[in-house]
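Novice: Provided herewith is a single structure, encoded as structure tokens, for subsequent inquiry.
Derivation of every value follows stated rules applied to the coordinates shown; laboratory data play no part. Values in this document were obtained by computation on a predicted structure and should not be read as measured data. Heads up, the Cβs are rebuilt from the backbone with ideal geometry, glycines too, and the neighbour counts pull from every protein chain shown.
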Amino acid sequence: MFHYTVQVNMKLVFSLSGNVTNINQTNTSLVDVMGTQSPQITMIILVTVISCLILVTVLGNTLVILAFIEDRRLRNRSNFFLLNLAICDFFIGAFCIPFYVPYVFTGKWLLGKFLCKLWLIVDNLMCTASAFNVVLISYDRFLSVTMAVLHRSIEKEHGRTVLNMALVWILASLLYSPAIIFWEYVDGDKSIPTDLCLPGYFYAWYFLLGASTFDFLLPLLSISFFNLSLYCNIRSRSRKKQHIVTSPIDSNLDGNPARPYIISGNDFHNGAVKDLNTPQYKKGKRSLCCFFSNVLPLHRDQQTVRYNVHVIKLSRDKKIAKSLSVLVCVFGMCWAPYSLLMTIRAACHDNCIDSYWYDITFWLLWINSSVNPFLYPLCHESFRKAFAKVFYKYIKNKNLKP
């Protein structure tokens, strides 16, 4: 991701960027552009909207992080990747947007060159890491549905989970951070004014085109492949379910008396069924039997039990696919317009589309970080329970205070 600044001309509606030919013009603040008739009202509206965006982003993602601290049931491989995404979104709300606010209203960067580079590094890092995290989440869901045995084996390897999370941050930092730090020394271009916070590669269309490929196009193709594979897998299994013929419960296929079977917790995902008439159970060995009273009754027929296991697992996988599709669709809607316009801008050297379209799509990237915390409880019951637990503990502690 690469940023436009509040360097604007009077044609702009939203002040983030301008054409190359206008870079040395007098900077105009956002209030000057949008509120020439009533700047005070415009200022109040903008401050209110931006403050709400910051508040929602910070509090929403803080709630996700607290939920992981309070509820140990959330601490599995799949949810840790959601935690990684929440950390990215939190820093966007707590650091990136607040540091950008003075720039929006004054049209100048007043915090010095060091903070400018720091802000560019952090903002690009967080936004790119968010995109890579969505890819990682999609890949994990893909494994859990299409390769369940492999997914369960690696789910127990906590080191692999941590490595995957760290890899997201490493790759995201390598994409933009070196260019932000060293571009001006390698390229030698000093044409960017000191009162603007722009990366040295701002007008290097070849770099922008390549970066846009890595931070959006490839992630989009990856998550599209994973989601399409999930859809095809679930659709194929749904068709197979319709052709499964269950045997009568009163007798087995060979006509002999029915034998009782039960599914153990460890064998549930594998569809394995244990025979209660085996010597293991007749000798009085104790075993833990979980009776799914409302979900999976104890059947006498092995084929019927396996059919029910198939139905339950298929239903679970459908929920996984639906929750992933919601997260991915929101990601696509927030990222696609900006990345598409950035690619067009790089190809036509910033001369084919009005600048305010870039500005509108630019803010969509940050809005995505404020929306994500609402998607987790919407798609996952475990998050709803964890959020309720956090709220209950907060209210309880507040009532105990004198």
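Novice: When the Karplus curve 6.51 cos²θ - 1.76 cosθ + 1.60 is applied with θ = phi - 60°, which whole-Hz ³J(HN,Hα) does each residue of the range 65-73 get, with x for Gly and Pro?
Specialist: Residue by residue, the range 65-73 yields 5, 5, 4, 5, 6, 7, 10, 5, 5 Hz.
Novice: Suppose the chain between Leu340 and Lys113 were pulled fully straight at 0.36 nm per residue; how much longer would it get relative to their current alpha carbon spacing? Walk me through the numbers on the way to the answer.
Specialist: Working: separation 227, 0.36 × 227 = 81.72 nm, distance 2.95 nm.
Once the chain is fully extended between Leu340 and Lys113, it gains 78.8 nm.
Novice: Using the count of nearby Cβ atoms within 10 Å as a rough guide to exposure, how do Tyr100, Tyr231 rank from fewest to most?
Specialist: On the way: Tyr100 19, Tyr231 12.
Ranked by crowding around the Cβ, least crowded first: Tyr231, Tyr100.
Novice: May I ask you to evaluate 6.51 cos²θ - 1.76 cosθ + 1.60, the Karplus curve with θ = phi - 60°, for each residue of the range 102-117 and list the ³J(HN,Hα) values in order in whole Hz, giving x for glycine and proline?
Specialist: Here the 3J(HN,Hα) series is x, 5, 5, 8, 9, x, 9, 8, 9, 9, x, 5, 4, 5, 4, 5 Hz.
Novice: In nanometres, what is the gap between the two model label sites at Ala148 and Ser238, each 7 Å from Cα along Cα-to-Cβ?
Specialist: Result for the modelled spin labels: 1.7 nm.
Novice: Between Cys52 and Arg72, what is the spin-label point distance in nm, taking each point 7 Å from the Cα along the Cα→C-beta axis?
Specialist: Modelled inter-label distance: 4.1 nm.
Novice: Same structure again: Using a 10 Å cut-off around each Cβ, can you sort Ile121, Ile353, Ile137 from fewest to most neighbouring Cβ atoms?
Specialist: On the way: Ile121 18, Ile353 12, Ile137 23.
Least to most surrounded, the residues fall as Ile353, Ile121, Ile137.
Novice: So if I take the alpha carbon set of the range 48-157, get Rg, then get Rh from the Kirkwood formula, what is the Rg over Rh ratio?
Specialist: Numbers: Rg = 17.6 Å, Rh = 15.9 Å.
Taking Rg over the Kirkwood Rh, I get 1.10.
Novice: At Ile41 and Ile181, where each label point lies 7 Å from the Cα along Cα→Cβ, what is the point-to-point distance in nanometres?
Specialist: It works out to 4.9 nm between the two label points.
Novice: Calculate, in nm to one decimal, what Lys385 and Asp195 gain on full extension: separation in residues at 0.36 nm each, minus their alpha carbon distance.
Specialist: Details: separation 190, 0.36 × 190 = 68.40 nm, distance 4.83 nm.
The Lys385-Asp195 span can extend by a further 63.6 nm.
Novice: Now for a separate question. For the range 94-238, what is one quarter of the convex hull surface built on the Cα atoms, given in nm²?
Specialist: Values: hull surface 45.9 nm².
Dividing the Cα hull surface by four gives the mean projection, 11.5 nm².
Novice: Another question about this same structure. Fewest to most neighbouring Cβ within 10 Å: what's the order for Ser212, Ser138?
Specialist: Working: Ser212 21, Ser138 25.
Arranged by neighbour count, lowest to highest, Ser212, Ser138 become Ser212, Ser138.
Novice: Quick check: residue separation of Leu174 and Asn399 times 0.36 nm, minus the Cα distance between them. What number comes out in nm? List each step's numbers first, then the result.
Specialist: On the way: separation 225, 0.36 × 225 = 81.00 nm, distance 4.78 nm.
Stretched fully, the Leu174-Asn399 segment lengthens by 76.2 nm.
Novice: Rounded to the nearest 0.05, what FRET efficiency is calculated for Trp357 and Lys322 with R0 set to 35 Å and r the Cβ-Cβ distance?
Specialist: 0.65
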